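Below: one structure, written as structure tokens.
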Amino acid sequence: MPDIRFVQLSPAALTALISGDLVAASTAAGAPLSQFLVEEAWLWRIRLADIDTDPAAAEWIARAAVAEPEGVTVGHAGFHGPPDADGVVEVAYSVDPQHRRKGYAKAMLRSLLERADADPRVTAVRASIRPDNTGSRATIAGFGFRKVGEQWDPEDGLEDVYLRVKKA
């Protein structure tokens, strides 16, 4: 499985990505970002608003995923926010289409789970996946997730909800 290093995207990097300025975003992030991240401007608007509302959320969300040792940004990953009142965090990850099917999504998920497991506030990790998203369902397989229900997402429609309870 490839190694992934996460680079936190600061408000300055997010603002540059939203405006389409890849050079400024890469400078602010301290890593060479990719056009794929510019194309995800809709998400960075949400994450920037999340950070404005709760600056502590920055340590949980909006990270570029850099494959090592190549140093190539292959996507982004993080959580939807800090642990909720029950200690649950929800994973979010996306691989640039030109880097898919190379094990990067599983490597990102593995790193996210290690991050969650290292935090004593986290009790469980959640994943919400459309039933037709076979790639994401395959990605979480083998990591201890169990389907616990369904939900309706205004953007994605029906999603299956999976939970991975943290081992004591």
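The values are calculated or read from the model by the stated rules, or taken from the named source; none is laboratory data. Computed from a predicted model, the values in this text were never measured in an experiment. Using ideal geometry, Cβ is built from the backbone for each residue, glycine included, and neighbour counts are taken over all protein chains shown. Side chains are part of the model used for accessible areas, which takes the heavy atoms of the whole protein and leaves out ligands, DNA and RNA. Shrake-Rupley method; radii C 1.70, N 1.55, O 1.52, S 1.80 Å.
Considering region 93-127, the residues that are open to solvent by 30 Å² or more (accessible area, probe 1.4 Å) and of a type in the set (S, T, N, Q) include one that is farthest from TRP60 (Cα to Cα), namely GLN98.
Are any residues in region 39-60 without any contact (Cβ under 8 Å) to a residue 40 or more places away in the chain, part of a loop (DSSP other than H, G, I, E, B) and surrounded by 16 or more Cβ atoms within 10 Å (Cβ to Cβ), and if so, which ones? Within region 39-60, just TRP60 meets the criteria.
Under 23 Å from GLU114 (Cβ atoms), hydrophobic (A, V, I, L, M, F, W, C) and surrounded by fewer than 15 Cβ atoms within 10 Å (Cβ to Cβ) - does that describe any residue in region 28-38? Taking every residue of region 28-38 in turn, none turns out to be under 23 Å from GLU114 (Cβ atoms), hydrophobic (A, V, I, L, M, F, W, C) and surrounded by fewer than 15 Cβ atoms within 10 Å (Cβ to Cβ). For the criterion of being of a type outside the set (A, V, I, L, M, F, W, C), at pLDDT below 95 and either under 24 Å from VAL66 (Cβ atoms) or in contact with a Cys (Cβ under 7 Å, 6 or more places away or on another chain) (or both), LYS102 passes. Residues in region 152-168 that are open to solvent by less than 60 Å² (accessible area, probe 1.4 Å) and more than 17 Å from PHE79 (Cβ to Cβ) were compared, and the one that is modelled with the highest pLDDT is ASP160. Number of residues in region 61-86 that are in contact with a Gly (Cβ under 9 Å, 6 or more places away or on another chain), outside any strand (DSSP E or B) and either at pLDDT 95 or above or β-branched (Val, Ile, Thr) (or both): the value is 1.
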